[in-house]
């Protein structure tokens, strides 16, 4: 029976808590742009629907943080600000950029969640099953983003790299601090 390493477990919960909150903030930034400057009701509805899943994920990890007495990352206020800024900025650039933001983040999260499932032992079956479910939600969001026009052609290729690199840096920092 494989047992989960306590340090790894705390890192998993801390980073997933921060990541799901970050996703909410990205969508909040996008919704702010869509409600004030870029009137697009269809896109707004899709983002609101995806935000519902992120809120469900965040509430689960927020409960785990409290239940297990794990300190959240010290960088939450920074991630909040950067998430809202990224969301707002990509929505202001247009639908393709907004959807690429979702696709790029979800591609990083897919790999991230998949690797976590290998770290969790038999003693964390419930947590592992939640992560598997949440990973599927994220993959669904990625698919929606591509259906809605996300692209990596031209300048969007640079945006994809910036978003993915930033996401990976935020993950690495949030796991440890």
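No value in this document is a laboratory result; all are computed from the given coordinates. From a predicted model like this one, the values you see are computed outputs, not experimental measurements. Don't worry about glycine lacking a Cβ; one is built from the backbone with ideal geometry, like all the others, and counts go over all protein chains shown.
Classify the stretch 63-137 as rounded, prolate or oblate, taking a ≥ b ≥ c as the square roots of the eigenvalues of its Cα gyration tensor: rounded when a/c is under 1.5, otherwise prolate if a/b is larger than b/c and oblate if not. It is oblate, given that a/c is not under 1.5 and a/b is not larger than b/c.
Across the stretch 116-177, the volume of the C-alpha convex hull divided among the residues equals 97 Å³ per residue. Centre-to-centre separation between the Cα atoms of the stretch 89-122 and those of the stretch 128-177: 1 Å. To the nearest ten degrees, helix 41-67 and the longest principal axis of the Cα atoms of the chain are 20 degrees apart.
The calculated 222 nm mean residue ellipticity attributable to helices in the chain amounts to -29000 deg cm²/dmol, summing -39500 (n - 2.57) over DSSP H runs of n ≥ 4 and dividing by all residues.
Taking the Cα atoms only, what angle lies between the long axis of helix 95-119 and the longest principal axis of the chain, rounded to 10 degrees? The helix 95-119 is inclined about 10 degrees to the chain. For the chain, the longest principal axis of the C-alpha atoms and the axis of helix 155-176 are separated by about 30°. Of 151, 36, the sequence from fewest to most neighbouring Cβ atoms within 10 angstrom is 36, 151.
Exposure proxy shown here: for 146, 118, 113, the number of other Cβ atoms within 10 Å sets the order, fewest to most, as 118, 146, 113. Applying 1/(1 + (r/R0)^6) with R0 = 22 Å to the Cβ-Cβ distance of residue 119 and residue 139 gives a FRET efficiency near 0.70. Among 135, 168, 21, a tally of other beta-carbon atoms within 10 Å of each Cβ gives an order, fewest to most, of 168, 135, 21. Using alpha carbons only, the radius of gyration of the stretch 6-176 set against its Kirkwood radius gives Rg/Rh = 0.97.
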